[in-house]
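K.L.:
Would you mind keeping the following structure in view while I ask a few things?
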Amino acid sequence: MIRFIYGNDLTTSPLLAETMFRDRAGQFRTRLNWDVRVDPNGWERDQYDGPDALYCVYVLPDGTHGGSGRLMPTTGRTMLNDHFSHLMGGEITSPLIWESTRFCVSPRIAGGAAAGARISTALMLAGCEVALRFGLTHYAAVFDAPMRRIYRSTGWAPEIVAEDGKGRDKLCLGLWEVSQDARAAILAKAPEGLELEPVPAPLAGRRALAQARGDIDRARIEGKLRAGLAAEAAAQDAAGDATQAAGFAPSNVVPMQARAARAA
Amino acid sequence: MHERLQSIVEAVPSITDAGTLRLFLDRVRALYDMDNCIYYALSLGGPKAGCEFGAMTYDHAWHQRYEDVRYRDCDPVVLSAVGGFAPINWNDLDWTGRPVRRLLSEAREFRVGNHGYTIPIHGPGGQFAMFTVSKQCPEGDWCALLAESAQDLLLIAHHVHRHALEINGAAEPLAPPSLSPRERDALALMAAGRSRAQIAEKLKISESTLRVYLDSARHKLGGLNAFHAVAIAVKGGSIKI
């Protein structure tokens, strides 16, 4: 199953967060020997793992991390522009273009290359779904040359627009074009019966508030929030389902079947 | 760029104050088949931090009520938008809790619409704005409408925001845009009257990748579209023709 989680909301899925950051350490430091920082808990995290980052996570049946990717818009801080702008001779910034980083398949999974390919394909489908939903035109990512083959095998190959270095260590800057055709091509290779949870709204309401930017009167809002929470707790028994009552159809509880989508 | 988006984007410079912004939003509402459209900056950032600017097509009485009761303090749309950059489909929010239910039922009376989509915009210096459309319709219609408009809305939101910063004197002085060599090549060829297909062939890239270069250059230059970006680049000396 694929879940979409904002950095803000990772604390609500502690097992998934724990195994994701540990698997990233296994993948990027142990296996690929990248110069990444691993903290004393064995987590690989960097400055881009902020509250805004959107993670696509493949969840294994035991609830742990099977693979993931991290998405963010190029209108904000990106790894691409902060560290790899030399590849293009300049930055890429547009609300229509997001970057993908830390594409990772868990080193713990059983089933070898075939299982890895299934998870990679599922993650690409997840990324494509996000982009279609948000109206993006492209993803950009920097990756090692051996990843090219993996991306190709998922049905959604990037166009390589810049390269640096040689052999296995060669860095590539790739662009993926978002389209319904791309989605169909990945679906044709995606595992049968793969479930994708819908992309949620940032849980924001509560926790993001604590980090609300200084432009909104923090103290005032937090005071209101506490009052609101208390009122909500008190009202919980009395109230029916407001969402239904108001005519809102909550779409965040209906899992989407990739199989059904394929048939459609 | 499609005709509809083109005509909206070209109308952005007509916004000079809250009144003309309102006229602009009316136009977006009509062209995109929505019931309402709102642009609201809760902070213009930097020296204008805390300054608000915006307009909406809602009934004025609803805006008044919303402000009087300070609904923004509990509105799940605002709370979610403060916390992230990703567009928000109102269906995905948590609408439980007493103040929120009251907000909902009153919003219904004022015909806000049972579906909505909000694009948060965050910028340097605490800039924070929201661009929203909403509509009363069945869920299926809403999903179809969003699927065909999401990309346009994303672009419109960013255009309006940039323009709002400018007319309020809150825009960062534009550093000379750091166009990459490929962006510059693409703009120069466009200035020379080449078609996209010709430019892509000349630069040995796909038209899809050309679109990335042109849109990134457009965004950096503050252009309304690729042609406008070319004009700005020529005027500013970024490219020579």
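Values in this text are rule-based calculations from the coordinates and carry no lab data. Just so you know, these numbers come straight off a predicted model, no measurement behind them. FYI the Cβ positions are ideal-geometry reconstructions off the backbone, even for glycines, and counts take in every protein chain you see.
K.L.:
Mind checking A:165-178 for the average number of partner chain beta-carbons within 10 Å of each residue's beta-carbon?
P.N.:
1
K.L.:
While we're on this one: Explain nothing, just the number: dipole magnitude of chain B about its Cα centre with +1 on each Lys and Arg Cβ and -1 on each Asp and Glu Cβ, in debye rounded to the nearest 20.
P.N.:
760
K.L.:
Label the protein assembly as shown by shape, choosing from rounded, prolate and oblate, from the square roots a ≥ b ≥ c of the eigenvalues of the Cα gyration tensor; if a/c is under 1.5 it is rounded, and otherwise prolate applies when a/b is larger than b/c, oblate when it is not. Intermediate values should be presented prior to the final figure.
P.N.:
Details: a/c = 1.64, a/b = 1.12, b/c = 1.46.
Cα axes put the protein assembly as shown in the oblate bin.
K.L.:
Still on this model: Give the separation of the Cα centroids, segment B:89-135 to segment A:173-189, in Å.
P.N.:
Here the answer is 31 Å between Cα centres.
K.L.:
To the nearest 20 debye, what is the magnitude of the charge dipole of the protein assembly as shown about its Cα centre, counting +1 on the Cβ of each Lys and Arg and -1 on the Cβ of each Asp and Glu?
P.N.:
Computed charge dipole of the protein assembly as shown: roughly 1040 debye.
K.L.:
Another question, if that's okay. Per residue of B:205-213, what is the mean number of Cβ atoms on other protein chains within 10 angstrom of that residue's Cβ?
P.N.:
Mean partner shielding for this stretch: 6.
K.L.:
Same structure, new question: Can you tell which of A:A184, B:G193, A:P200 lies farthest toward the positive end of the dipole of the protein assembly as shown, using +1 and -1 charges on the Cβ of basic and acidic side chains (Lys, Arg; Asp, Glu)?
P.N.:
Towards the positive end, the residue furthest out is B:G193.
K.L.:
Now a separate question. Hey, can you grab everything whose amide H is under 5 Å from the amide H of B:G54? Only 5+ residues off in sequence or another chain; H modelled, so Pro and N-termini drop out.
P.N.:
B:A41
K.L.:
What are the residues whose amide H is under 5 Å from the amide H of A:A162, where those residues sit 5 or more places off or on another chain and H is modelled from the backbone?
P.N.:
A:L173
K.L.:
Is segment A:22-181 best put as rounded, prolate or oblate by its Cα gyration tensor, with a ≥ b ≥ c the root eigenvalues, rounded for a/c under 1.5, and otherwise prolate when a/b is larger than b/c, oblate when not?
P.N.:
Working: a/c = 1.33, a/b = 1.20, b/c = 1.11.
It comes out rounded by the Cα gyration axes.
K.L.:
How would you rank B:84-91, B:61-68, A:185-192, highest first, on the average number of other Cβ atoms within 10 Å across their residues?
P.N.:
B:84-91, A:185-192, B:61-68
K.L.:
So what J values fall out for segment B:225-241 if you push phi through Karplus, 6.51 cos²θ - 1.76 cosθ + 1.60 with θ = phi - 60°, rounded to Hz, Gly and Pro as x?
P.N.:
Per residue, the Karplus-derived 3J(HN,Hα) values read 8, 4, 5, 4, 4, 4, 4, 5, 5, 5, 4, x, x, 5, 10, 10, 10 Hz.
K.L.:
Right, here's the next one. Filter the cross-link list B:K204/B:K240; B:K135/B:K220; A:K166/B:K240; B:K48/B:K240; A:K170/B:K220 down to pairs whose alpha-carbon distance in this structure exceeds 27 Å.
P.N.:
Violating the 27 Å Cα-Cα cut-off are B:K135/B:K220; A:K166/B:K240; B:K48/B:K240; A:K170/B:K220.
K.L.:
Measuring from centroid to centroid over Cα atoms, what is the spacing of segment A:22-53 and segment B:188-241 in Å?
P.N.:
The two parts, judged by their Cα centres, are 38 Å apart.
K.L.:
Let me test this: with uniform point scatterers at the alpha carbons of segment B:181-236, what is the Debye-based log₁₀ I(q)/I(0) at q = 0.20, 0.25 1/Å?
P.N.:
The computed values of log10 I(q)/I(0) come out as -0.59, -0.93.
K.L.:
Convert each backbone phi in segment A:12-23 into a coupling constant with the Karplus relation 6.51 cos²θ - 1.76 cosθ + 1.60 (shift: θ = phi - 60°), then list the ³J(HN,Hα) values in order as whole Hz, x for Gly and Pro.
P.N.:
Here the 3J(HN,Hα) series is 7, 10, x, 5, 5, 5, 4, 6, 5, 5, 6, 5 Hz.
K.L.:
Something else now. Within 10 Å of each Cβ in A:84-90, how many Cβ atoms from other chains are there, averaged over the peptide?
P.N.:
On the way: counts 0, 2, 0, 1, 7, 7, 12.
Across the residues of A:84-90, the mean count of other-chain Cβ atoms within 10 Å is 4.
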